[in-house]
Structure formats: structure tokens, C-alpha cells
Amino acid sequence: MIRSNFCRRLAQVAVFLVFGAGGVSSSAAWQTASPAAPAATSPAWQRPPATATAPPPAPVTRADILRGAYGPYRVNNDLLSYHLDIRVDPEKQTVSGKNSIRFKMLQDGTRIQLDLHSALNVDKILLGATPLAYVRDSGAVFVDFPETLHAGQEYTIDFYYSGHPLTTARFGGFTFGKDPAGRPWIYTACEDIGASVWWPNKDQWRDEVENMQISVAIPNGLVDVSNGKFVGKTDLGDGYPRWDWLVQYPVNSYDVALNIGNYAHFSDQLGDLALDFYVLPEDLEKAKKQFVQAKGMIEAYQHYFGEYPFKKDGYKLVEVPYAGMEHQSAVAYGNHFTNGYLGRDWTGVGVSPKFDFIIIHESGHEWFGNSVSAADRSDMWIHEGWTTYLEVLYVEYTFGHEDALKYVNGYKAKVQNREPIIAERGIAATPPQDMYFKGALFLNTLRSVVNDDARWWTLLHDFYQHFKYQNIMTEDVVAYFNQQTGMYLTPLFDQYLRHTAIPTLELKFNEADGTVDYRWQADEPDFAMPIRVGKKNDWQVVQATTYWQTMKTPLKKNEFDVATDLYFVNVSKE
Ligand SMILES: [Zn+2]
């Protein structure tokens, strides 16, 4: 389903992007790789000079455009539902079966675009009993119909496929692994490479199905945990019982997951929300202790934003061997049942060891990422910047405001300011890791700009409620905050999200006169932001712009402070 008018406009832009050229940048995988710099192997004079800018972008490929653009054969239809019905063979390491794809045509047409990684075979595509012709072009599968499909009509096609899915990319794609006891452990995580690495679908972010059935036949003795509500297990009489799951809400393709293993299961309840936990049997006791944190997490987020978004599907944590992933209503967990992040104090200020980073972060995505989703990967800060800010809210709710300020400011050390947070649209580009940390620091700054906490909490709640279950772009976020605050915040959002540098507050002291001149140095000519200056606990708010203004102050240059824990800014004094 497509849920915003703005997105329809963008769809047109995306079509033009097909003919444009631009840069796609790669970014560090902060969740899997250590951020340590590579050891220097040559003397300094032989190395290129240090630079504050990003390396040159890799060229955009045809495959990037086919996957990333909302092209003409995507824009002409609207997804309604999927039924993914497959068999997973751990011995042969194959997947086979079909996805039944129901969609409504938005325009008359004879072709639609679906996607399936070229490593997998298309066995046949049927409309009823009629085999359909198709053309494969890198990861895209263009399906051709013998007669015109009509706008407003609904159609279902059965897309049969098989093969060895790839184990690849940051999260693994599709992995046939073993657990520490040597039993099969098979899992998917495909946000970067795309869901079409293991199943055929309309592999983009703008359009989501309304609901989905997931049926997975696996050998006796194994358990499949997928998204949604567990419907039942059916004996097929051939040693491969089928596990059926029902997703009763819109779902991103990349969120759809298989977790197949020798899982032990325990459950709990938060009010009338079912909580289900799946872990290896050896980890059951540790999990029962650690997963108690799930309740406090859900209570904190419900406090700020409202009801858990996928109540009919329940909330699940599923043990996996990688760090974690926000798979909708079946959050993947691999944080070793310890607090912090993989045993580390994640923001380095003593707050992170008080809670399990993966439970708090990946589950925060149920609100931002899974319920409120970005319509293009370029604007993924809507998932990651917001969810990183949700960690800060969790800390504030659970441990208080002082810890929350420490925690969010601890993220400053991770900000790179090498390229803007918003990446190029329409090419499935991955934004830089600043979308997490700088994104959260920006939202903390925005709270200080609003400068009225009661109003801020209402804004956050209403913002989420307004856009829940929708796929939106940054323009929707900015328009909402402009409208609700009555402030013109566009240059502020643009400075933090569309430029590399953060604003610098320039201060020029004239101690003889008892005055200080101040202005913002920023890329946005209309940049304006009130900021607290002077003396801590007795701040003065100045309405700084990019033009010089003068204020009186009894404070000397070295006594004059700026509230840099409330605003993510640079300060220069002269
Ligand atoms: Zn995340």
C-alpha cells in the first residue's frame, strides 16, 4: 500500500532519476565492524593528506537504479498482500517455493517490476493457470502480461523460484549456519542487499503490502520463527512440517525474516500484549533474566509514542548469531545476554552498561523503521536517527534526564561530519553512519529549540501517531514540525540533514564595552536557531541568525558558556 501524496510526487522525481547520474557512497558497518582505524603501514609523508571530506563516491550502476528507483513498472501498481510459501532444505542449502503477490493496478499496463537476485532461478510466473513471460535485468524481473491490466483492478500472480540464496553483505543475506552445538541455524538479514536476495518481491521501500502470510516447511525437529502471529504447524507427511505465520500489518520487505533453529520458547505478557522469546536451549536461563528488560522498554516507548504498533502480531525476541536486526514483531537478538553493546559501554559515559543496547535499539524500530518507515533508503535517518533518539528517551524514562543528556552527548565522539545524513534518492544508497548519532543529537537539539518539554512530548507523540504505518520522506517530517510548532524549521533540518557541517556559533568579545557579538556560521543562508548562552543554570536565550548581533554581558570571554549539551553546535570565540 502507498500511503502519502508526497510520495506520489516523489515517484515522478524518481523516474527522472533513472536518467541522472550521481554518487553512491559506501559507509562503515558500525554494527559489525570495529571502528578502529587501520594501522598505518607507510610513513606519514607517503600517505595522502588527512581530509574532512568523504572519499569519492563509487559510480552508480544500472543495478542500483533498477533496485533504488521507483520506476514506471513499480509506480503503476500498489501492493496488497504476499503469501510466501517455501521449503528450506538445510542439507542441500536450497530454498524453493512461491510468493503469491496480490496487487492493484494504479494505471493501465502490461508490465510490472518485481525483483529476485540473479543467483536464484525463476521457475515460472503464473496468472491463474496462464504462464507469464518475463525479462530479467540484474536483480529486476519485469513481468509481462498478455493482456492489459486495468487501473483499479486487483490481480494475483504466483511467482515460483528456487536455488541457493547468497550469504552476503553487512547482515549476512541468507545464512545456512550451525549453532555452537552443531545443529542447523538458518537465518536471514537483508536490509542492505535487499529482500530479493532470498525471495521474490517488489524490493523497494515506498510500497508495502497490507498483510502477509509466511509458510515455511523445514525438517522435523527445527523451529521457524518468522514475523507476525504464529498460526500453526502442519504435518505434510514427508518429514518437513510447515510453520505458518500471519503478519496483520504493513511490513517492509527487508523486515521479513526466517529464523530456523533448535529454539526453546518461553512467553510472558504485558497487559494484553503477548511477549514471546525464542533462544537456543543452552541460553534459556540467561534469556529469562535478560529479556525482562523488554517490558520496561515497551512501557517507555508506549509512554512517549502510544501503543506498541503490532499488537495483534505480538512482540518477539529471537536469538541470532549476529548483533541484531529490527525484523518486525520478531526482533533479532544477538547481544550475548549482557548489557551494553556486545559487552562494551556503547557511548562511553557509564550509562550504556545499565541496559541491553540491542533490546532497546532494535525494538525501538518497531515505532520508527517498521511503523513509521522511510519511503526511500536515502532518508533512512527516519529509521536510525529517530531510533537512536528513542534510546535516549528510554534512558530518560528509566534512569532520568541527567543520564539521558550524558548518553546522547556520548554519541558526539562517533559523529564524523564527512557527508550529509540524507543520501541520493532513487539508487538504494546507504546514508553514512552519522544518520544514527548525529541524527539523535539533532533531535536533542530540536527539543532545546522547542524549549518547552510539555510541548515537546506532545509533538513527539502526535508526530508518531500522525505517520504510523506510513512511508514518508524528510519533507513530511519537516512540514509536520513547521506546522505544529508554528516555527520555520526548514533551514535547521536542512543544515543538519542535507549539509556536512554542523552550525558554528561565532562569538566576538569586547570586554571593555561589556558586549559580545554573535552569529551563526552555517551553509543555509536562512539558518536561525535560538540558543542558551552565558552562565549555566542562568542561561540567556539569544535568537541567533547568520547576521551579526550584539548582546550585553558581564561575563568575560573565558566565563561565557554555551549550552552545548543541549544543542549540537560548534562554538568559536575571539
Ligand atoms: Zn537501527
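The values are calculated or read from the model by the stated rules, or taken from the named source; none is laboratory data. Given the structure is predicted, the values throughout are model-derived calculations rather than measurements. Because the Cβ atoms are built from the backbone with ideal geometry, glycine has one as well, and the counts that use them run over all protein chains shown. Please note that ligands, DNA and RNA were not included when accessible areas were found on the heavy atoms of the full protein model with its side chains. Shrake-Rupley method; radii C 1.70, N 1.55, O 1.52, S 1.80 Å.
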Would you mind finding the one in Arg87, Arg102 that is assigned to a strand (DSSP E or B), in contact (Cβ under 8 Å) with a residue 24 or more places away in the chain and farther than 18 Å from Trp198 by Cβ?
Arg102
Considering only residues of segment 314-331 that are away from the ligand (no atom under 15 Å from the Cβ) and open to solvent by 10 Å² or more (accessible area, probe 1.4 Å), which is nearest to Gly343 (Cα to Cα)?
Pro321
Inspect all residues belonging to segment 470-485 and state whether any of them is over 30 Å from Asp207 (Cβ atoms) and in a loop (DSSP other than H, G, I, E, B).
no
Which condition number does Gln433 fail, the rest of (1) surrounded by fewer than 23 Cβ atoms within 10 Å (Cβ to Cβ); (2) more than 30 Å from Pro250 (Cα to Cα); (3) within 14 Å of the ligand (Cβ to nearest atom) being met?
(2)
Failed condition for Trp346, given (1) within 13 Å of the ligand (Cβ to nearest atom); (2) part of a helix (DSSP H, G or I), with all others met?
(2)
Going by what's in this entry, would His365 be described as buried (at least 24 other Cβ atoms within 10 Å of the Cβ), at pLDDT 95 or above and in contact with a strand residue (DSSP E or B) (Cβ under 7 Å, 6 or more places away or on another chain)?
no
Could you run through segment 386-417 and say how many residues are of a type in the set (Lys, Arg) and either within 16 Å of the ligand (Cβ to nearest atom) or open to solvent by less than 10 Å² (accessible area, probe 1.4 Å) (or both)?
1
Residue satisfying all of: in segment 368-385; more than 13 Å from the ligand (Cβ to nearest atom) and in a loop (DSSP other than H, G, I, E, B); surrounded by the fewest Cβ atoms within 10 Å (Cβ to Cβ) among these
Ser371
With Ile358, Ile427, Ile421 as the choices, which residue is within 16 Å of the ligand (Cβ to nearest atom) and part of a loop (DSSP other than H, G, I, E, B)?
Ile421
Going by the structure shown, is Gly97 over 12 Å from Ile157 (Cβ atoms), touching an Asp or Glu at 6+ places or on another chain (Cβ under 7 Å) and buried (at least 17 other Cβ atoms within 10 Å of the Cβ)?
yes
Only one of Tyr254, Tyr308, Tyr301 is outside any helix (DSSP H, G or I) and either modelled with pLDDT of 95 or more or farther than 30 Å from Tyr397 by Cβ (or both), namely Tyr308
